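Below is one structure; the comments refer to it alone.
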Amino acid sequence: MEAGTVQSPRFAERGDGAARDADPTRPTVIQFPKVADPGPLGLAAFALTTFVLSFFNAGLAPASGEPIVFGLAFAYGGLAQLLAGMWEFRTGNTFGAVAFTSYGAFWLSFFAFALWFE
């Protein structure tokens, strides 16, 4: 082999420009960027929605303000908490994912029940 000549790679490239080492069948690992901790969002959504619902259930606020609870149940307790649960799956926290997704689904079902069946 002469100096200055370029030798072709022994194995195919992975697509990111790096040639495979010894095992061409080894899967390529894709690294995604880290996401922020979704735990505080899930906890805040659960706490505020539960607090406001309990406030009305205890009779500390007039019943005319109950639509506030339904808006919170849908948007904050439901959607935001459901998203926090999905982001917990992304971070690898199974307990947080199950808890936040379950509570988010509960608040969405509470909203649907109160809107269409009560």
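With respect to being more than 26 Å from Pro33 (Cβ to Cβ) and within 22 Å of the chain's Cα centre (by Cα), Leu108 fits the description. Among residues of region 21-43 that are farther than 26 Å from Glu88 by Cβ, those with a Cβ under 9 angstrom from a residue that is among the aliphatic types (A, V, I, L, M), sequence gap 6+ or separate chain, pair up as Pro24/Ala12. Taking every residue in region 90-118 that is within 21 Å of Val52 (Cβ to Cβ) and pairing it with any residue that is of a type in the set (Asp, Glu) and at pLDDT below 95, at least 6 positions away or on another chain, the pairs with Cβ-Cβ distances below 7 Å are Phe100/Glu88.
For region 52-70, a residue qualifies if it is closer than 21 Å to Glu118 by Cα, open to solvent by 40 Å² or more (accessible area, probe 1.4 Å) and either in contact with a Pro (Cβ under 8 Å, 6 or more places away or on another chain) or without any contact (Cβ under 8 Å) to a residue 24 or more places away in the chain (or both), and the qualifying residues are Ser54, Phe55, Asn57, Ala58, Gly59, Pro62, Ala63, Ser64, Glu66, Pro67, Ile68. When you check Arg20 against the structure, is it at pLDDT below 90 and surrounded by 11 or more Cβ atoms within 10 Å (Cβ to Cβ), yes or no? Judged against the criteria, Arg20 is a match.
Among the residues of region 72-93, write down those that are open to solvent by 40 Å² or more (accessible area, probe 1.4 Å) and part of a helix (DSSP H, G or I). Of everything in region 72-93, those that are open to solvent by 40 Å² or more (accessible area, probe 1.4 Å) and part of a helix (DSSP H, G or I) turn out to be Phe74, Ala75, Tyr76, Leu79, Leu82, Leu83, Met86, Trp87, Phe89, Arg90, Thr91. Of all residues in region 94-118, those that are of a type outside the set (A, V, I, L, M) and crowded, with 18+ Cβ neighbours inside 10 Å total 8.
The values are calculated or read from the model by the stated rules, or taken from the named source; none is laboratory data. Model, not experiment: these values are computed from the prediction. Methodologically, a virtual Cβ is constructed for each residue, glycine included, from the backbone with ideal geometry; neighbour enumeration extends over all protein chains shown. For accessibility, only protein heavy atoms count, side chains too; no ligands or nucleic acids. Shrake-Rupley method; radii C 1.70, N 1.55, O 1.52, S 1.80 Å.
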